[in-house]
Amino acid sequence: MWSIRSPLCAILLVSVSWIPYIYGHGMMLVPSGRASRWRFNDSAPVNYNDMEAFCGGLTNTWKKHGGKCGICGDDYGMPTPRPHELGGEFGEGHVVATYPPGGQIPISVKLIANHRGYFVFDVCNLDREPETEECFKRLKLSDGNDQYDLRYFRPSTFNMTVQVPHNLNCEHCVLRWHYKSANMWGTCENGTSTLGCGPQEIYRSCADISVKRQTHW
């Protein structure tokens with residue numbers, strides 16, 4: 001029988017303790033991303049791996065595709081439309097929420113394991129152009145910041161609000177959550193090395209929304 005004091009047991013315990021940090025991921029639940037819509041709508045296609053839209057993984061993203069990611073978190077090398085893009089397996093285009101121009105979008109993101117880093121949010125107006133990387137425009141948080149910073153390695157549900165531009169009006173827009181983590185050691189632009197520099201894991205989720213003024217009778 002192994003003793004918990006033995007070196008092998010110690011190594012196994014340390015390895016197990018790190019599993020959530022290696023394999024834990026995240027998803028946008030409000031508004032519900034295409035991958036997670038099945039959690040709120042029985043008619044949506046089921047994706048039990050909806051927390052794993054991490055562009056095919058760190059090695060695939062950076063060594064194979066030079067840091068490129070699919071529009072909505074799929075492996076960049078997959079044929080288009082990729083599974084979470086419009087026309088793909090989970091990209092049915094069902095609008096899950098409507099917001100007024102100039103209003104705010106409440107957002108809820110669940111991280112199974114927090115890899116630090118930051119969130120940013122973009123929007124693509126499908127009424128005007130197709131769903132391409134060039135279509136997405138950066139949104140600001142309601143506090144005026146460009147990004148939501150994660151300061152601690154702690155899994156949780158994060159709530160924030162994003163400001164809708166006053167001049168945005170669309171029957172069909174795509175809101176995108178982009179999460180660049182910071183849990184890998186790498187080389188910074190100034191030549192030093194620290195946690196969070198260099199290639200990092202990227203996660204994305206796309207939600208179909210409308211932005212239009214509500215008509216009250």
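Table for the structure above
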| item | result |
| --- | --- |
| Partners for K212 among aspartates and glutamates (Cα-Cα distance below 13 Å; same-chain residues under 8 apart left out) | D127, E171 |
| Chain lengthening between K110 and T98 when straightened (0.36 nm per residue, less Cα-Cα) | 2.2 nm |
| Degrees between helix 7-23 axis and first principal axis of the chain (Cα, 0 to 90, nearest 10) | 10 degrees |
| Relative contact order of the chain, defined on C-alpha pairs under 8 angstrom at six or more residues apart (%) | 24 percent |
| Rounded Å value of the spacing that divides the Cα centres of segment 164-217 and segment 128-147 | 8 Å |
| Pairs beyond 20 Å (Cα-Cα), from K63/K180; K63/K110; K110/K180; K137/K180; K68/K137; K68/K180 | K63/K110 |
| Rg(Cα) / (2.2 N^0.38 Å) computed for the chain, rounded to two decimals | 1.12 |
| Segment 112-217 shape via C-alpha gyration tensor axes, a/c threshold 1.5 | prolate |
| Net dipole in debye of segment 25-211 [+1 Lys, Arg Cβ; -1 Asp, Glu Cβ; about Cα centre; nearest 20] | 580 debye |
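All of the numbers you see were taken from the coordinates with simple rules; none came from a lab. Remember, it's a predicted structure, so these values are computed and weren't measured experimentally. FYI the Cβ positions are ideal-geometry reconstructions off the backbone, even for glycines, and counts take in every protein chain you see.
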